[in-house]
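Enquirer: Sending over a structure as structure tokens; questions will come in a sec.
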């Protein structure tokens, strides 16, 4: 079974200018968002952190920023990391849902 077949939510390509601030332990970064879904996202970074790391995220979306905690599920060396959301407030999840609907329209 491929990674795509296991996804609960379809991913959407993000506009090239959308940024994600992230932090895990003492590692911090600001990266471009590549894809996003209700269940997680993929961010571009040449220095991804280890798989299973917990990461705090701040995504700057046009309809309002949202925050989440996520776990690194996939690492692609020198390219980026796939993260699964593990915690998000209802308000942040609503902003994420609104943003995804805008991208799909």
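Nothing in this text is a laboratory measurement; each read-out follows from the coordinates by a stated rule. Because the structure is predicted, anything quoted here is derived from the model rather than measured. Heads up, the Cβs are rebuilt from the backbone with ideal geometry, glycines too, and the neighbour counts pull from every protein chain shown.
Enquirer: Can you pull the one-decimal nm distance between simple spin-label points at residue 94 and residue 47, each 7 Å off the Cα toward Cβ?
Expert: 3.8 nm
Enquirer: Which order do peptides 67-74, 91-98 fall in by mean Cβ count within 10 Å, highest first? Mind showing how you got there, number by number?
Expert: On the way: 67-74: 17.6, 91-98: 15.9.
Highest-to-lowest ranking by the protection proxy: 67-74, 91-98.
Enquirer: Hey, quick one: spin label on residue 19, modelled 7 Å out along Cα-Cβ, who in region 66-105 has an amide N within reach, i.e. under 19 Å?
Expert: 66-68, 80-81
Enquirer: When Rg and Dmax of the Cα atoms in Å is calculated directly from the model, which label among (i) 13.7, 43; (ii) 20.1, 64; (iii) 12.7, 38 fits?
Expert: It is the one labelled (iii).
Enquirer: Same structure again: Set the Förster distance to 22 Å, then compute FRET efficiency between residue 28 and residue 69 from the Cβ-Cβ distance, nearest 0.05. Each step should come with its number before you reach the end.
Expert: On the way: r = 15 Å, r/R0 = 0.68.
It comes to 0.90.
Enquirer: Now a separate question. Would you compute, from DSSP H runs of 4+ residues alone, the mean residue ellipticity of the chain at 222 nm, taking -39500 (n - 2.57) per run and dividing by the full residue count, rounded to the nearest 500? It would help to have the intermediate numbers written out before the result.
Expert: On the way: 2 runs with 19 residues, N = 105.
Computed mean residue ellipticity for the chain: -5000 deg cm²/dmol.
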